[in-house]
1. Starting at the first residue of region 43-59, write each ³J(HN,Hα) from the Karplus equation 6.51 cos²θ - 1.76 cosθ + 1.60 with θ = phi - 60°, in whole Hz, x for Gly and Pro.
2. At q = 0.14, 0.15 Å⁻¹, work out log10 I(q)/I(0) for region 16-59 with the Debye formula, treating every Cα as an identical point scatterer and leaving solvent out; two decimals please.
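Every read-out reported here was derived from the displayed coordinates using simple, explicitly stated rules and does not represent laboratory data. Note that the coordinates shown come from a computational prediction; the quantities given were computed from them, not determined experimentally.
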Amino acid sequence: MTHHTDDTTDNTVLVTDPVCGMLIDPATAATTREHGGTTFYFCSIGCAKAFDADPHRYGHP
Ligand SMILES: [Zn+2]
Ligand SMILES: [Zn+2]
């Protein structure tokens with residue numbers, strides 16, 4: 001008998017919230033924004049609002 005475990009957690013790719021620098025799972029991000037063809041993920045609405053106020057500050061390294 002074979003016991004096979006689907007360890008899907010290994011496939012999770014974390015992204016960085018550009019405002020606060022927190023690593024977050026895109027699937028559980030509070031909200032997203034698109035800028036310059038790139039999707040940014042945020043841990044909270046507050047971080048997204050900071051991005052909205054000055055997207056070029058955060059959207060371009
Ligand atoms: Zn954040
Ligand atoms: Zn820009």
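1. Running phi through 6.51 cos²θ - 1.76 cosθ + 1.60 with θ = phi - 60° gives 6, 8, 4, x, 5, 5, 5, 5, 5, 4, 5, 7, x, 6, 5, 9, x Hz.
2. -0.24, -0.28
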